[in-house]
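Quick notes on the structure that follows.
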Amino acid sequence: MHQTLKLIIIFAAVLLWSCSQQERSTSEETAQKRPNIIFMMADDHAYQAISAYSDHLIETPNIDRIAKNGMLFTNASVTNSICAPSRATILTGKHTHMHGKIDNRFPFDTTQVTFPQLLQEAGYQTAMFGKLHFGNNPKGIDEFKILPGQGNYYNPKFITNEGDTTITGYVTDIITDLTLDWFDNRREEDEPYALFYLHKAPHRAWLPAERHYKEFINREFVEPPTLFDDYANRGTAAKEAEMNILKHMHWAIDSKLHPDVMAELGIEETSDWGVPAYFNRMGRMTEEQRDAWNAVYMPMNEEFKKLYPEMDEEAQMKWRYQRYMQDYLACIKAVDENVGRLLDHLEKTNQLDNTLIVYTSDQGFYLGEHGWFDKRFIYDESFKTPLIVSWPGVVEPGSKSDIMVQNLDFAQTLLEAAGETPPSDMQGESLLPILKGELENWNRDAVYYHYYEYPAVHMVKRHYGIVTKEYKLAHFYYDVDEWELYDRLNDPNEMNNVYDNPEYADVVKELKAKLADLRVKYKDSEELDQKYIDKYEQAK
Ligand code: SGN
Ligand code: CA
């Protein structure tokens, strides 16, 4: 009897133990299945400057590695083409009128729920390195080292959990050093991670690293066909925008003419901060960095002194476009190399298989199209943004999608990838069906856009609009009341506003109705437009 009881107890104990072991291994398996997430974002990185999209300007072999392993989105766009609003949309999964960060001026409302907070609650280790641009620190991030505001290219200051620190060196390299240091020293192996790797480059005023300006300053780049756009057949907004490479870009800090050379040639700066910004940026450099810089940029200045007297406006535009591309693309070269350093680390430490990687930008950018730099407009180069996603075992390597997706969709996508249910007030769509190639229920055929920051730098008027694969309809308001319609298939460069063309009357009618529906769906309205105008005017 005694013996039997003993046996029963032993048997029961073994059974219990084996059950608990089984449970543990299932929960370990689920944990293992939750992918690590690396969200890589550059600032103002035009898709025209990624060779996975097109190699007419630059080769980006490392960013292309992500495309080779994953999916390249050729129709990804933002809901509001400017830095901080786009970042707030990415983190909250809401349109800018809903999270309230409509422009770069007002601080982010920290009562808004962001997806890193939800990932952290779900047991993800979270870290953020680089540029956030919120006016406040990120929530839901275990460790952050972020640049204050726009940050600096040379010897940048960082805000960290433990106070401020200034690091000598070049910002793109430093952001990667900080990231690799976190991997080597503070990454907890037993939980998945969400890493935000956020480059400042290639934001204006385009200060490249020494190894790259040396190489790029002698390169010549192909001009876009619309470099000399005169904005005929467009609205007032395009005509009045201050984004022209010849008229509005700074000669000093942007084109890197020395203010003494400008004075000698009688060149007037395009605004009153081009020259102070030049001295400020050069003033941040160590003597060694400045000497290296001058050794390359002063001979360029000398060369320009010889050319300038013979240059008409066309020649000046051509010269300034080349200068712009040399520095902008040299900044991208450093981003690409550093993406390579990070990918190499993941490969060496066998992390690639269980890691979902996103490469994107906070918006697109004009690289001379329409004679412009900067962004803000609903027109393609700034409306669209690069988006590349790899996730081994889920996303078909080397695949492409031309489905219209937006930065609005990222939060829901990444939460679902992590096995979490996104909050119901997020306004995007999870992209998992597209990533998995399961498109039966995908039915979005139009996206919504709304830009606010006006009057302000670059003077791009307030506008909202609807974009389908075939058309783009936009309403410019506040100090104008103008509509523009572009036939995207027949006029891909958006040179002809056909809003008043009777042939498009039906299209206009249909799109206006659809746009009104989208405004209702996303809870935008004339009242809100006015509310944000009032708020802006009060803050002046
Ligand atoms: C600065 C730039 C602008 C740029 C804004 C916003 N001027 O003001 O060209 O549009 O930032 O950029 S600069 O001479 O100071 O560089 S954003 O990416 O932060 O939205
Ligand atoms: Ca930006």
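The values are calculated or read from the model by the stated rules, or taken from the named source; none is laboratory data. Please read all numbers here as calculations on a predicted model, not as lab measurements. Here Cβ is always computed from backbone atoms with ideal geometry, including for glycine, and neighbour counts include all displayed protein chains. Surface accessibility is based on the protein's heavy atoms, side chains included, excluding ligands, DNA and RNA. Shrake-Rupley method; radii C 1.70, N 1.55, O 1.52, S 1.80 Å.
Worth pointing out:
- Strands (runs of 3 or more DSSP E) enclosed by segment 386-465 - at least 3 residues per element that are touching a helix residue (DSSP H, G or I) at 6+ places or on another chain (Cβ under 8 Å): 387-390, 447-451
- Qualifying position, being closer than 19 Å to TRP206 by Cα, open to solvent by 30 Å² or more (accessible area, probe 1.4 Å) and of a type outside the set (A, V, I, L, M, F, W, C), among ASP312, ASP272: ASP272
- Segment 276-299 - residue that is open to solvent by less than 40 Å² (accessible area, probe 1.4 Å) and more than 10 Å from ligand 1 (Cβ to nearest atom) and, of those, nearest to LYS214 (Cα to Cα): VAL296
- The set of residues in segment 490-540 that are in contact (Cβ under 8 Å) with a residue 60 or more places away in the chain and either on the phi > 0 side of the Ramachandran plot or assigned to a loop (DSSP other than H, G, I, E, B) (or both) comprises PRO492, ASN493, GLU494, MET495, ASN496, ASN497, TYR522, LYS523, ASP524.
- Just one of the listed residues (GLU369, GLU337) is open to solvent by 30 Å² or more (accessible area, probe 1.4 Å) and more than 16 Å from ligand 2 (Cβ to nearest atom), and it is GLU337.
- Every residue from segment 344-366 that is more than 16 Å from TYR47 (Cβ to Cβ) and open to solvent by less than 10 Å² (accessible area, probe 1.4 Å): LEU346, THR355, LEU356, ILE357
- The set of residues from segment 139-180 being more than 23 Å from ILE38 (Cα to Cα), open to solvent by 20 Å² or more (accessible area, probe 1.4 Å) and touching a residue at least 60 places away in the same chain (Cβ under 8 Å) comprises ASN152, THR168.
- Odd one out for LYS68 among (1) assigned to a helix (DSSP H, G or I); (2) in contact with a helix residue (DSSP H, G or I) (Cβ under 9 Å, 6 or more places away or on another chain); (3) open to solvent by 10 Å² or more (accessible area, probe 1.4 Å): (2)
- Meets criteria (more than 26 Å from GLU191 (Cα to Cα), away from ligand 1 (no atom under 16 Å from the Cβ) and over 19 Å from the mean Cα position of the chain (by Cα)) for LYS348: no
- Long-range neighbours under 6 Å by Cβ, at least six apart or interchain, first residue at negative phi within segment 366-377, second away from ligand 1 (no atom under 15 Å from the Cβ) and modelled with pLDDT of 95 or more: LEU367/GLN48; GLU369/PRO224; GLU369/THR226
- The residues of segment 54-89 that are touching a Ser or Thr at 6+ places or on another chain (Cβ under 8 Å) and within 12 Å of ligand 2 (Cβ to nearest atom), listed by number, are VAL78, ASN80, SER81, PRO85, SER86.
- Subset of segment 519-537 [surrounded by 17 or more Cβ atoms within 10 Å (Cβ to Cβ) and at pLDDT 95 or above]: ARG519, TYR522, ASP524, ASP529, TYR532
- Within segment 97-109, considering residues that are of a type in the set (D, E, K, R) and open to solvent by 10 Å² or more (accessible area, probe 1.4 Å), the one nearest to ligand 1 (Cβ to nearest atom): ARG105
- Options TYR197, TYR213, TYR231: the member that is among the hydroxyl-bearing types (Ser, Thr, Tyr), within 16 Å of ligand 2 (Cβ to nearest atom) and in contact (Cβ under 8 Å) with a residue 40 or more places away in the chain: TYR197
- Segment 322-334, subset more than 19 Å from PRO259 (Cα to Cα) and either in contact with a strand residue (DSSP E or B) (Cβ under 6 Å, 6 or more places away or on another chain) or not hydrophobic (A, V, I, L, M, F, W, C) (or both), residue surrounded by the fewest Cβ atoms within 10 Å (Cβ to Cβ): GLN322
- Taken over segment 32-60, the criterion of being outside any strand (DSSP E or B) and either farther than 12 Å from ILE332 by Cβ or of a type in the set (Asp, Glu) (or both) is satisfied by GLN32, LYS33, ARG34, PRO35, ASP43, ASP44, ALA52, TYR53, SER54, ASP55, HIS56, GLU59.
- Here is the figure for segment 358-380: residues that are over 18 Å from ALA201 (Cβ atoms), within 14 Å of ligand 1 (Cβ to nearest atom) and of a type outside the set (A, V, I, L, M, F, W, C) total 1.
- Restricting segment 110-138 to residues that are surrounded by fewer than 17 Cβ atoms within 10 Å (Cβ to Cβ) and under 20 Å from the mean Cα position of the chain (by Cα) leaves a set whose member that is nearest to ligand 1 (Cβ to nearest atom) is GLY135.
- Candidates are the residues of segment 77-93 that are outside any helix (DSSP H, G or I) and among the β-branched types (Val, Ile, Thr); the one that is farthest from ligand 1 (Cβ to nearest atom) is THR79.
- The residues listed here are GLU210, GLU242, GLU264, GLU223; of these, the one that is within 15 Å of ligand 1 (Cβ to nearest atom) and open to solvent by 10 Å² or more (accessible area, probe 1.4 Å) is GLU242.
- ASP64 modelled with pLDDT of 95 or more and touching a strand residue (DSSP E or B) at 6+ places or on another chain (Cβ under 8 Å): no
- For segment 387-408, the count of residues that are within 16 Å of ligand 1 (Cβ to nearest atom), under 28 Å from VAL113 (Cβ atoms) and either modelled with pLDDT under 95 or crowded, with 24+ Cβ neighbours inside 10 Å (or both) is at least one.
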